[in-house]
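Below you'll find the structure, written out as structure tokens, and then a few comments.
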Amino acid sequence: MSIGALASRRKKKIALQIPQGRALLVFVALALLYFVLIGKAFYLQWESGDFLQTQGAARYVRTIEIPGYRGRIVDRMGEPLAISTPVKSLWSFTEKLEMSDGQLKELAGILNVSPRSLKEKINKAGDFVYLAQGISPETAEKARSLKITGLYDENVYRRFYPAGELTSHIVGFTDNKDHGQEGVELARHDLLAGKSGSRRVIINRKGEAVEDIAAVLPPYQGRDLALALDLRLQYLAQSELKAAALEHRAKAASAVVLDARTGEILAMANWPTFNPNSRDQFVPARIRNRALIDIFEPGSTFKPFTAAIALDAGKVKPDTVIDVVDGKMTIGKWTIHDAHKNEKNLTVSEVIQRSSNVGTARIALTMAPEYMWQGLSSMGFGVSVDTGFPGEASGRLRPAKSWKNIEQATISYGHGVSVTLLQLARAYTIFTTDGELMPATLYKEEGKPKYGKPVITPETAKLMRRILKQSTEPGATGARAHIPDYHAAGKTGTARKPEKGGYSKKYVSSFVGFAPADAPRLIVAVMIDEPSAGKYYGSAVAAPVFSRITGKALRMLGVPPDHPVAQDLFEYGEEIVEET
Amino acid sequence: MIMARTFILLLLLVVSALLLVTSRHQTRKLFIELEHERQLAQRYQEEYSRLQLEQSTWSVPNRIDGLARDKLEMQLPEPNQIRVIAYEERKNIRTEGAQP
């Protein structure tokens, strides 16, 4: 049939009368189709609307994370001690990971591991595997450029501690979920913690965000936290302490440096120590901040407090003579001894300088137990220093009611009472200020005046400074605490460690002092636990450490010497001849 | 008359619609730019934290101390090597040559 013929037939048909029914049929059929379309539209809208919208959104909507960082921890000079920095992790669902041997080799090269160990890691893993964690964004980018199917990366924040083991006992560390686990990281987690926010955006075909489509969930940035710590002094204290601990083969050692005027903790060193950047060193014996958590019997470093209370009460005067000639004193069935027998009776000042147990006990027994307890308690003994540090110990001072004469006598020279090193150091603030007990603070608080609590009179404080200064002069027990160029003041301590049913042959050597003696700037407390290389007296073990830390610290802080070794002072402006 | 008014309104409507499209396009372009800058800011922020970390890692006291002793052969002066200069505020001190 030709086209022409067909056309002519159509013409004919149009000319024909169309039966009514057929038109109706066509109309109904078309209308039905129309309803089908409407039905489909309704179906799409109501029945599978959610599904389709999700699918659509997946193609043009993205959720972008807005990072919220954990705040930094810095020292008082702003030197960073803990920083969070973004790193990447590469992960995959093992089943969906497809990579050729060539890709495996290349990936191993980028990650700096052997192809075999990488393969093993994947084979050993369950459904999910981290191929690499904590890698730099650049490395992750290189790995991504291999275009391995099923390999993804994610942003994580890793905490780094640039000062490492120097500050690890104070700063502490976080777990791999960025939660504080120890130290300041734990104590101030709420302040430091950051929280990531998110926003939903429409992206164009190039993957660029073009519009925010929902309210932005703002991130929360963790706040920076400044410690009172001075990293330079911390280094000094730590290195001197470590040297001493090794020299005396000690089990452990601690040192605390306080600002003598404000009580701020400028350094707090412990040995042994640990590196917060490597988790395999996280064993309790290493991570404990001993200066704050461990308690010990202070021994003779405690004597100045007894003397101060008695002097303050007017029970004795510095030149009151105390009977110590026997070198022993019997109370009930107990006898207390002096470590070194004295040929003549001593004044109160000399009792401290020569560290006489008998003398101190006699001074203590001039006071009512309640009165002495009150005095010691107001100096912070048996009460937490309250720095907010996790696990901080409060020491132990038994209530006066349970004291018999012998207890009062032994407590007077630091036995039967236990303290933390920080507590002991902080109590010395009553001597370095006008008799006020300052709060020992871990954090830098700018522009906030520090208020102390008056404990003894300014006159007694001055007297005690003089007595403690004489304690470091030649002939006194603290002679080795002598600092070149400065007058030092302080007290030695040697205590046997209490054991079940008595005292052991193990010792704790300590020294607590301050300098310059007449206008104190620093309080330094040193404690060496179980020195076992022969020497164990505080005068021989701890006093030299005090001298070295304090001397270097004072020079570093630029404190003018009050007692220069080279007596020929140069006048300012005078010509200084260079040595040739 | 009515026809003319309708026509004008229609024209205005079309113009406004076109302007809407243009401004929408402008918004998106600017938004993309903003987004780009934001990403840069974030990247710099991250780089800054890494640099800070690097700086403080290089400058830890242990390392400086070690370098000073071993490489530069420096040492702490003994007390008898230290001269203390008594400083008094005086009016007529020659200041030239006395670099701080």
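FYI, it's all coordinate maths here, none of it is from the lab. None of the values given here were measured: they were computed from a predicted structure. No Cβ is skipped: glycine too gets one built from the backbone with ideal geometry, and neighbour counts run over all protein chains shown.
Quick notes
- With a cut-off of 12 Å between beta carbons, the residues surrounding A:PRO219 carry a summed charge of +2, where Lys and Arg count +1 and Asp and Glu -1.
- Which of A:HIS189, A:HIS340 has the fewest Cβ neighbours within 10 Å, and the rest in rising order: A:HIS340, A:HIS189
- Per-residue ellipticity at 222 nm computed for chain A from its helices equals -10000 deg cm²/dmol, with DSSP H segments shorter than 4 residues left out and the rest contributing -39,500 (n - 2.57).
- Our compactness index for region B:2-72, the C-alpha radius of gyration over the empirical 2.2 N^0.38 Å, is 2.69.
- Only one residue of A:ALA476, B:LEU19, A:THR85 has its Cα farthest out toward the positive end of the dipole of the protein assembly as shown, where Lys and Arg carry +1 and Asp and Glu -1 on Cβ, and that residue is B:LEU19.
- Within region B:2-72: Cβ-based charge dipole about Cα centre, in debye rounded to nearest 20 (Lys, Arg +1; Asp, Glu -1): 320 debye
- Going from the residue with the fewest nearby Cβ atoms within 10 Å to the one with the most, A:MET438, A:MET77, A:MET268 rank A:MET77, A:MET438, A:MET268.
- Cβ-based charge dipole, chain A, positive-most Cα from A:GLN181, A:LEU258, A:PRO498: A:GLN181
- Tensor-based shape of region A:473-533 (alpha-carbon gyration tensor, a/c under 1.5 rounded, otherwise prolate or oblate): prolate
- Of A:LYS251/A:LYS344; A:LYS401/A:LYS450; A:LYS333/A:LYS535; A:LYS333/A:LYS469; A:LYS119/A:LYS147, those spanning more than 29 Å from alpha-carbon to alpha-carbon: A:LYS251/A:LYS344; A:LYS401/A:LYS450; A:LYS333/A:LYS535; A:LYS333/A:LYS469
- Computed about the Cα centre, the dipole magnitude for region A:212-343 is approximately 380 debye when only Lys and Arg (+1) and Asp and Glu (-1) carry charge, each at its Cβ.
- Normalised by residue number, the volume inside the convex hull of the Cα atoms of region A:443-504 is 224 Å³ per residue.
- Within a Gaussian network of chain B (alpha carbon springs, distance under 10 Å), most fluctuating of B:ARG50, B:ARG83, B:ARG69: B:ARG83
- Think of chain B as having a plus end and a minus end, set by charges on the Cβ of Lys, Arg, Asp and Glu; of B:ILE2, B:ILE32, B:VAL84, B:ILE2 sits farthest toward the positive end of this dipole.
- The protein assembly as shown shape via C-alpha gyration tensor axes, a/c threshold 1.5: prolate
- FRET efficiency for the A:TYR34 to A:ARG59 pair, using the beta carbon distance and R₀ = 30 Å, is estimated at 0.50.
- Counts of other chain beta carbons within 10 angstrom of each beta carbon in peptide B:57-67 average 4.
- Amide H to amide H, with H built 1.01 Å from N, A:LEU266 comes under 5 Å of A:VAL257, A:LEU258, A:ASP259, counting only residues 5 or more places away or on other chains.
- Highest-fluctuation residue, B:ALA41, B:ALA68, B:ALA17 considered, GNM on chain B with Cα pairs under 10 Å: B:ALA17
- On Cα atoms only, tilt of B:61-70 relative to the major axis of chain B in degrees: 50 degrees
- Burial order of peptide ranges A:299-308, A:245-254, A:139-148 (average beta-carbon count within 10 Å, highest first): A:299-308, A:245-254, A:139-148
- Sequence-distant contacts, meaning Cα pairs under 8 Å at least 6 residues apart, place the relative contact order of chain A at 13 percent.
- Helices of chain A meeting both criteria, an alpha-carbon length of 20 angstrom or more along the long axis and an average Kyte-Doolittle score not below 0.0, with helices taken as full DSSP H segments, are A:20-42, A:231-247, A:538-556.
- In terms of surrounding Cβ atoms within a 10 Å radius of their Cβ, A:VAL524, A:VAL358 rank from fewest to most as A:VAL358, A:VAL524.
- With the largest listed first and rounded to whole Å, the semi-axes of the equivalent ellipsoid of region A:151-211 from the Cα gyration tensor are 35, 14, 9.
- Computed from the C-beta positions of A:LYS500 and A:ALA479, the FRET efficiency with R₀ = 45 Å rounds to 0.80.
- Amide H partners (placed H, <5 Å) of A:ALA253, local residues excluded: A:TRP271, A:ASP529
- Shape class of region A:313-459 from the alpha-carbon gyration tensor: prolate, with a/c at 1.5 or above and a/b greater than b/c.
- With 27 Å as the limit on Cα-Cα distance, the pairs of A:LYS317/A:LYS404; A:LYS88/A:LYS124; A:LYS88/B:LYS71 that go past it are A:LYS88/B:LYS71.
- For the protein assembly as shown, the dipole from Cβ point charges (+1 on Lys and Arg, -1 on Asp and Glu) about the Cα centre works out to 3500 debye, to the nearest 20.
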